[in-house]
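Inspection log for the structure reproduced underneath, given as structure tokens.
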Amino acid sequence: MLKKSVGLVGSSLLLFGLAACGGGGSDSGSGSENEGSSGGSGEGGSDAEVEIFSWWTGAGEEDGLMALIDMFEEEHPDISVENAAVAGGAGTNAKAVLATRMQGDDPPSTFQVHGGAELNDSWVAADKMEPLNDFYEEEELNDKFPEELVDMVSSDGDIYSVPVNIHRGNVMFYNMEVFEENDIEPPSDIDEFFEVAEELEAAGVTPLAMGDKESWPATQIYENLLLANLGPEDYEALWEGEVGFDDERVATATEQFGQMLEYVNEDHASRNWQDSAQMVADGEAAMINMGDWAKGYFVNDLGLEVNEGFGYTPFPGTSEEFMVITDTFGLPKGVENPEQVKEFLSVLGSKEGQDTFNPLKGSIPARVDADESKYDEYGQDTMEDFQETSLTPSLAHGSAASEGFVTKANQAVNIFVTQGDEEKLMESMQTALDEEQQ
Ligand code: GAL
């Protein structure tokens, strides 16, 4: 059995400076009555408002959040919630809006942030977050999360956020009927992937669905190929600058990435992740590499059943690894009502809160004492895999390297998807990494 190995990488990477991006705005949530105002508690009104900033809007994203908000409002009828979610998978738009607000000293009461570099190299390094050590103590949270996860939300011995979930990024979801009809098994390694893809194509089915209208789903495929070729330790060493993009295993991963892209739907650039996952649900495409928020989408939004309407298997070549994506929430410095915000964090960090949120979201709870009976077969399998595999931080979802680097990586991948120049992709990645580490 492999040893767990989530390591925080790139701690010296620079604070990112995202250009101001207008728009954003609030998105009404079912459980909230008081939306419409912009962030913060207004003068004259009650201080008792908590503004929750995330990118969980729409199908496959918001059900868990709404359930959590409902639970919070029931427990705290005196505190109102403003759901300030900004649409766009993986925080494509939300992160820019957040950066503008944080730089303008107008923080939301609490915001979604990935554990790892996204939290530590940006907001903690810029001294924008309150330490939550006392809160952890009061809420008796210290032994409630896996140590690796607490490390991801800690800096210099202080804890800065509360993880609500763990998503797995190296999952291949597939249409079971398509595989059965064509008498083929889902691929377990990369060679098998290409064999299966050939057969599927011959049968007139798009082998792999991709929706890279926002480029992160393509980056996610690339990171999984890097993991498959490098293994967990060298995958992490890559983001630390200890393994170079000139490594021949990186070249193999990059070549395989190009080959995989030959099997995706032609209209990939106009689809988002939900639109592409839908292709698998409909049998228009056979497989999709997506984080398991897609499970939430298949089950809650499309009404499919695990292991009937869709199947799942680790991304080829990564069955011994678990690409960790953890959504966390902290307390920014300068909010007017920290006590009420902590009440929200308390619900979010509680066993009941996590067991309400995660079965809907598709993730597993961050807490170690969850009630497994609340999770379906996928959730239970994933909890087991989390215990038994090597944990690695996702680049596409902010844990492996700073936001500045992730932005450049997404751009480089996007150019590769259209131009297919392997050397250029590896060079751009290396240059971006060197710039961040200077
Ligand atoms: C991830 C996030 C998930 C899910 C996904 C798609 O970055 O951690 O919770 O929202 O993006 O938007």
- Message: If I stretch the segment between ASP282 and GLU74 completely, what's the gain in nm (0.36 nm per residue apart, minus their alpha carbon distance), one decimal?
- Response: 71.1 nm
- Could you work out the helix-only [θ] at 222 nm for the chain, with each DSSP H run of four or more residues adding -39,500 (n - 2.57) and the total divided by the number of residues, to the nearest 500 deg cm²/dmol? -12500 deg cm²/dmol
- Exposed-loop cut sites defined as GluC sites (Glu not before Pro) in DSSP loop states with at most 10 other Cβ within 10 angstrom; longest site-free run of the chain spans 309-438
- Relative to the longest principal Cα axis of the chain, at what angle does helix 403-419 sit, 0 to 90 degrees, rounded to 10? 30
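Using +1 on the beta carbon of Lys and Arg, -1 on that of Asp and Glu, and nothing else charged, what's the dipole of the chain about the Cα centre, debye to 20?
960
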- For the stretch 111-166, give the percent of accessible area contributed by carbon and sulfur heavy atoms, probe 1.4 Å, rounded to a whole number. 34
- Note on the structure: With R₀ set to 56 angstrom, the calculated FRET efficiency between the beta-carbons of GLU422 and ASN142, to the nearest 0.05, is 0.75
- Using a Gaussian network for the chain with springs between C-alpha atoms less than 10 Å apart, which of these wobbles most: ILE364, ILE415, ILE166? ILE415
- In nm, give the distance between the simple-model label positions of GLU336 and ASP376, each being 7 Å from the Cα along the Cα-to-Cβ direction. 4.2
- Relative to the longest principal axis of the C-alpha atoms of the chain, give the angle of the C-alpha long axis of helix 422-437, reported between 0 and 90° and rounded to the nearest 10°. 30
- Item | Pair GLU199, THR431: separation of 7 Å Cα→Cβ label points (nm) | 4.3
- Accessible area per residue, 1.4 Å probe, Å², for the stretch 210-345: what's the number? 32
- Task: Excluding ASP121 itself, calculate the net charge of residues whose Cβ lies under 11 Å from the Cβ of ASP121, where each Lys or Arg counts +1 and each Asp or Glu counts -1.
- Result: -3
- Could you give the nm distance between label points at ASP246 and ASP105, where each point is 7 Å from its Cα heading toward the beta carbon? 4.7
- HN-Hα couplings for the stretch 111-117 via Karplus (6.51, -1.76, 1.60; θ = phi - 60°), in whole Hz with x for Gly/Pro, come out as 9, 5, 8, 6, x, x, 4
- Query: Expressed as a whole percentage, what fraction of the accessible surface of the stretch 336-385 belongs to carbon and sulfur atoms when a 1.4 Å probe is rolled over the protein heavy atoms?
  - Reply: 41
- Query: Would you list HIS114, HIS76 from the most to the least accessible area, probe 1.4 Å?
  - Reply: HIS76, HIS114
- Query: For the stretch 371-438, with every protein chain kept in place, what is the accessible area per residue (1.4 Å probe, Å²)?
  - Reply: 42
- From the residues ILE190, ALA202, PHE173, which one has its Cα farthest along the dipole of the stretch 170-238 in the positive direction, the dipole being from +1 and -1 charges on Cβ of Lys/Arg and Asp/Glu about the Cα centre? PHE173
- Heavy atoms of THR431: accessible area, 1.4 Å probe, square angstrom to 10: 70
- Task: Give the angle, between 0 and 90 degrees and rounded to the nearest 10, that separates the Cα long axis of helix 338-349 from the longest principal axis of the Cα atoms of the chain.
- Result: 40
- Note on the structure: Averaged over all viewing directions, the convex hull of the alpha carbons in the chain casts a projected area in nm² of 19.4
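The values are calculated or read from the model by the stated rules, or taken from the named source; none is laboratory data. Keep in mind the model is a prediction, meaning the values are calculated, not measured. Cβ atoms come from the backbone with ideal geometry, glycine included; neighbour counts cover every protein chain shown. Just so you know, the surface numbers come from the protein's heavy atoms only, side chains and all, with ligands and any DNA or RNA stripped out. Shrake-Rupley method; radii C 1.70, N 1.55, O 1.52, S 1.80 Å.
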